[in-house]
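*Asks:* Handing you this structure, nothing more for now.
Coordinate-derived values only; no laboratory data. Computed from a predicted structure; not experimentally measured. Neighbour counts run over all protein chains shown; Cβ positions are idealised from the backbone, glycine included.
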């Protein structure tokens, strides 16, 4: 299912307030700050890939805060992989600051307060990954620290290219294939976080499980045939 939100469909006086509601619905609860709450330009494209949410956002620059009260209102059961598509953005979390550029990636836990803003426009893609996909790959349950991967670093370059290609293929594969690829995405993110790759046996088990599900679906669809 694809969801599209565009500020052009909203009265000018309500555009920024409507934008906040749309972001809270499709991404997570947040507190936007802007001097002028009228005449705001923005758009959101949300869709699914396997067990992942893929959300593209483009809008005018402003300050975005994910505060403690926002987290308490809507605690997220996902991690997110933020992919900078154009322009740049500033991030601040737990005393750490950095600025992303096109092709850069940020891996973060939205249940940890942070700030982000841009002097230009926001133009990025978020992959929302269920915590159950990444947590089993983590060596401990410590808080996930916001991780910045530069586009000119080997791991950042590979992951950025991989996710960029997958974003162009949403809706073009069968469900089982998407689920297998989404599983590989979680492993790639784990490697980017410094988590040791799993043994080959886990990959074979995932393939067997995918084939088993495919067999069950075939039986279900053809059960009435003699």
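*Asks:* With angles folded into 0 to 90 degrees, how steeply does helix 154-167 sit against the dominant principal axis of the chain? Use alpha carbons for both and round to 10.
*Replies:* The two axes meet at around 80 degrees.
*Asks:* Any idea what angle helix 15-26 forms with the longest principal axis of the chain, computed on alpha-carbon atoms, 0 to 90 degrees, nearest 10?
*Replies:* 20 degrees
*Asks:* Sorted by mean Cβ packing within 10 Å, highest first, what order do the peptides 158-165, 104-111, 83-90 take?
*Replies:* For the peptides 158-165, 104-111, 83-90, the packing ranking is 104-111, 83-90, 158-165.
*Asks:* How far apart, in nanometres, would the label points at residue 152 and residue 117 be if each is projected 7 angstrom from Cα along the Cα-to-Cβ direction?
*Replies:* The two pseudo-label positions are separated by 2.7 nm.
*Asks:* For the chain, what does -39500 (n - 2.57) per DSSP helix run (n ≥ 4), summed and divided by total residues, give at 222 nm, in deg cm²/dmol to the nearest 500?
*Replies:* Estimated from H runs of four or more residues: -11000 deg cm²/dmol.
*Asks:* At a 10 Å Cβ-Cβ cut-off, how would you order 225, 56, 97, fewest neighbours first?
*Replies:* 225, 97, 56
*Asks:* Continuing with this model, one more query. Treating the Cα atoms of region 118-169 as identical point scatterers in vacuum, please give the log10 of the normalised Debye intensity I(q)/I(0) at q = 0.16, 0.17, 0.18, 0.24 Å⁻¹, two decimals.
*Replies:* So the normalised log intensities are -0.71, -0.79, -0.88, -1.21.
*Asks:* Let me ask another. With springs only between Cα atoms under 10 Å, which of 99, 27, 54 fluctuates most in a Gaussian network model of the chain?
*Replies:* Sorting by GNM fluctuation, first place goes to 99.
*Asks:* Give the order of 181, 44 when sorted by the count of other beta carbons within 10 angstrom, beginning with the fewest.
*Replies:* Arranged by neighbour count, lowest to highest, 181, 44 become 181, 44.
*Asks:* What is the chain's relative contact order, in percent, from Cα pairs under 8 angstrom and six or more apart in sequence?
*Replies:* With pairs under 8 Å counted, the relative contact order is 18 percent.
*Asks:* Just rank 222, 26, 62, 6, fewest to most, by other beta-carbon atoms within 10 angstrom.
*Replies:* 222, 6, 26, 62
*Asks:* Given R₀ = 22 Å, FRET efficiency for residue 96-residue 43 by Cβ-Cβ distance, to 0.05?
*Replies:* 0.15
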